[in-house]
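> Have a look at the structure that comes next, please.
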Amino acid sequence: MSAPEPVPDGAPARRPRRELVEAQIYEQATRLFAERGFAGTSLQDIAEAMGMTRPSLYYYVRNKDELLARLVTEITEGPADTAEEIAGSADDPVTKLRELVRVTAAQQARHGPRFQLVIRSESELPDDLAASHAAAKRRVLDGFVRIVEEGVRSGQFRPRPARSTALALIGMCNWVAFWYRDGGPQGVDDVADQMAEMAVAMVAQAPDRQPDSPRPDDPAAALRLLRQDLDYLESVIATPTSKD
């Protein structure tokens, strides 16, 4: 690869060229981080992969932390924004959960290697980036928890602890990044739709417990449903509340 010509700031006509080179640098850096780890990759390695000198590289990027920050932001901030938006929408809980899982699973399928890289690099993140990364993950979890809690309150989801349910759903979505491969029997959209339907099936209330539906005539079935509610209530009562 021939060395790209450095593009000085303040040259509007050449801005597309600069953006193209920056995108190429980002792709090469991501590949090297995945192969060698963040700590094992230097700016000199990135410059050589680009076919440019290290001083030329400084026209486009200040340090490798900047490249890692872009990667982490792409993988975590976008999904966090999406989770907040969907959780705060006016849709019913089933629709919200289906959409959030579909979007999250599709993201993991499309960017699996990058997600794996971020996971492997968590211990190497600078303090400020680690803090923002952790905050973004909490926002994703909060979005799932809000939807699950809403579904339980409405009677559409089985009464289960919202946080553990949300973590199970997120784990299901994240695992897609490790097993999905392009060119397989299912495309990204197919996998995302399947994950969404599986997620709803995991948490949905039994049909005879849906709002406005009659209770079953079978006393044993009614007792099982009552025990389910009592088990959930006991778990809530047994959970100590935090004191500020």
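The values are calculated or read from the model by the stated rules, or taken from the named source; none is laboratory data. Since the model is a prediction, treat every value here as computed from it, not as a measurement. Please note: Cβ atoms are built from the backbone with ideal geometry, for glycine as well, and neighbour counts cover all protein chains shown.
> Exactly one of (1) surrounded by fewer than 13 Cβ atoms within 10 Å (Cβ to Cβ); (2) in a loop (DSSP other than H, G, I, E, B); (3) modelled with pLDDT under 85 is unmet by residue 4. Its number?
Answer for residue 4: the failing condition is (1).
> Are there any pairs with C-beta distances below 7 angstrom linking a residue in the stretch 121-139 that is over 24 Å from residue 32 (Cα atoms) to a residue that is surrounded by 13 or more Cβ atoms within 10 Å (Cβ to Cβ) and among the hydrophobic types (A, V, I, L, M, F, W, C), with the two at least 6 apart or on different chains, and if so which?
The qualifying pairs are 136/80; 139/80; 139/83.
> For the stretch 89-103, name all the residues that are of a type outside the set (Val, Ile, Thr) and either closer than 22 Å to residue 198 by Cα or surrounded by 14 or more Cβ atoms within 10 Å (Cβ to Cβ) (or both). So that I can check it myself, show each step before the final result.
Residues of the stretch 89-103 of a type outside the set (Val, Ile, Thr): 89-93, 96-100, 102.
Matches in the stretch 89-103: 89, 91, 92, 93, 96, 97, 98, 99, 100, 102.
> If you take the residues of the stretch 104-154 that are among the basic types (Lys, Arg) and either exposed (fewer than 14 other Cβ atoms within 10 Å of the Cβ) or closer than 26 Å to residue 181 by Cβ (or both), which of them is modelled with the lowest pLDDT?
We begin by selecting, within the stretch 104-154, every residue among the basic types (Lys, Arg); these are 110, 114, 120, 137-139, 146, 153.
Filter again for either exposed (fewer than 14 other Cβ atoms within 10 Å of the Cβ) or closer than 26 Å to residue 181 by Cβ (or both), leaving 110, 114, 120, 137-138, 153.
Working: 110: 91, 114: 85, 120: 82, 137: 94, 138: 95, 153: 91.
Of everything passing the filter in the stretch 104-154, 120 is modelled with the lowest pLDDT.
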